[in-house]
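Please read the structure below before turning to the comments.
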Amino acid sequence: MKLKLIEQVTFNGAHVEAGAEIELSEISGQALIAEGKAEALEPEAPKTPDDPPAGEKAALDKKYTSKIPELKEHAKAADVEFKHDATKAEIIDAIIEAGKAADVLGM
């Protein structure tokens with residue numbers, strides 16, 4: 001368990017200053033938290049496979065810079081659903097969510 005110390009503690013015979021980040025067992029970490037001497041640090045969320053590749057959104061935005069009617073036409077051809085009054089950004093998001101970015105970029 002990763003912790004950030006709120007106040008100085010002694011750990012393995014050494015003084016550890018407040019503000020330090022340390023790694024302890026779950027039991028030891030929970031004890032320090034209960035005593036108000038530390039707070040748990042949230043583990044960094046791993047990137048999930050559901051996160052769209054960073055380049056898809058930029059590539060769609062660049063390809064259809066001022067071609068919103070063409071973007072709508074290509075999105076419909078790729079069976080992407082979106083509101084009739086959707087903005088360019090909303091259409092691009094719908095394309096990515098549907099997993100059709102490669103299809104639309106290839107048109």
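Readers should treat all values here as calculations from the given coordinates under stated rules, not as data from a laboratory. Note that the structure is a prediction, hence the values are computed from the model and not measured. Counting neighbours? That spans all protein chains shown, and the Cβs are built from the backbone with ideal geometry, glycine included.
When the chain is fully extended, how far beyond the present Cα-Cα distance does E42 get from D85, taking 0.36 nm per residue of separation? Don't skip to the answer; put the middle values down first.
Details: separation 43, 0.36 × 43 = 15.48 nm, distance 3.98 nm.
Difference between extended and current length: 11.5 nm.
How would F11, F82 line up from fewest to most surrounding beta-carbon atoms within 10 angstrom?
Ranked by crowding around the Cβ, least crowded first: F11, F82.
Report the equivalent ellipsoid semi-axes for the range 54-105 in whole Å, largest first, defined as the square roots of five times the eigenvalues of the gyration tensor built from alpha carbon atoms.
Details: eigenvalues 38, 31, 19 Å².
Semi-axes from the Cα gyration tensor: 14, 12, 10 Å.
Starting from the Cα of E7, step 7 Å along the direction of its Cβ; do the same at A77; then give the gap between the two resulting points in nm.
For E7 paired with A77, the spin-label model returns 6.9 nm.
Treat every Asp and Glu Cβ in the chain as -1 and every Lys and Arg Cβ as +1, leave all other atoms uncharged, and give the resulting dipole magnitude about the Cα centre to the nearest 20 debye.
With Lys and Arg at +1 and Asp and Glu at -1, about 500 debye.
I'd like the orientation of helix 54-63 relative to the chain: the angle between its Cα long axis and the longest Cα principal axis, in ° from 0 to 90, rounded to 10.
So the inclination is approximately 30 degrees.
Grab the DSSP H runs of the chain that are 4 residues or longer, score each as -39,500 (n - 2.57), total them, divide by all residues and round the 222 nm result to the nearest 500 deg cm²/dmol.
Roughly -11500 deg cm²/dmol at 222 nm, from the helical runs in the chain.
If you take every DSSP beta bridge whose two residues both sit in the chain, what share of them, in percent to the nearest 5, is antiparallel?
Taking every DSSP beta bridge with both residues in the chain, the antiparallel ones total about 100 percent.
If you rank V104, V80 by fewest surrounding Cβ atoms within 10 Å, what's the result? Before the final figure, lay out the partial values.
On the way: V104 24, V80 21.
Arranged by neighbour count, lowest to highest, V104, V80 become V80, V104.
Using Cα pairs under 8 angstrom and six or more residues apart, how large is the relative contact order of the chain, in percent?
21
Compute the helix-to-body angle for 68-77: its Cα long axis versus the longest principal axis of the chain, expressed 0 to 90° and rounded to tens.
90
Inverting the mean 1/r over all pairs of different Cα atoms, compute the Kirkwood radius of the chain and quote it in Å.
17.6
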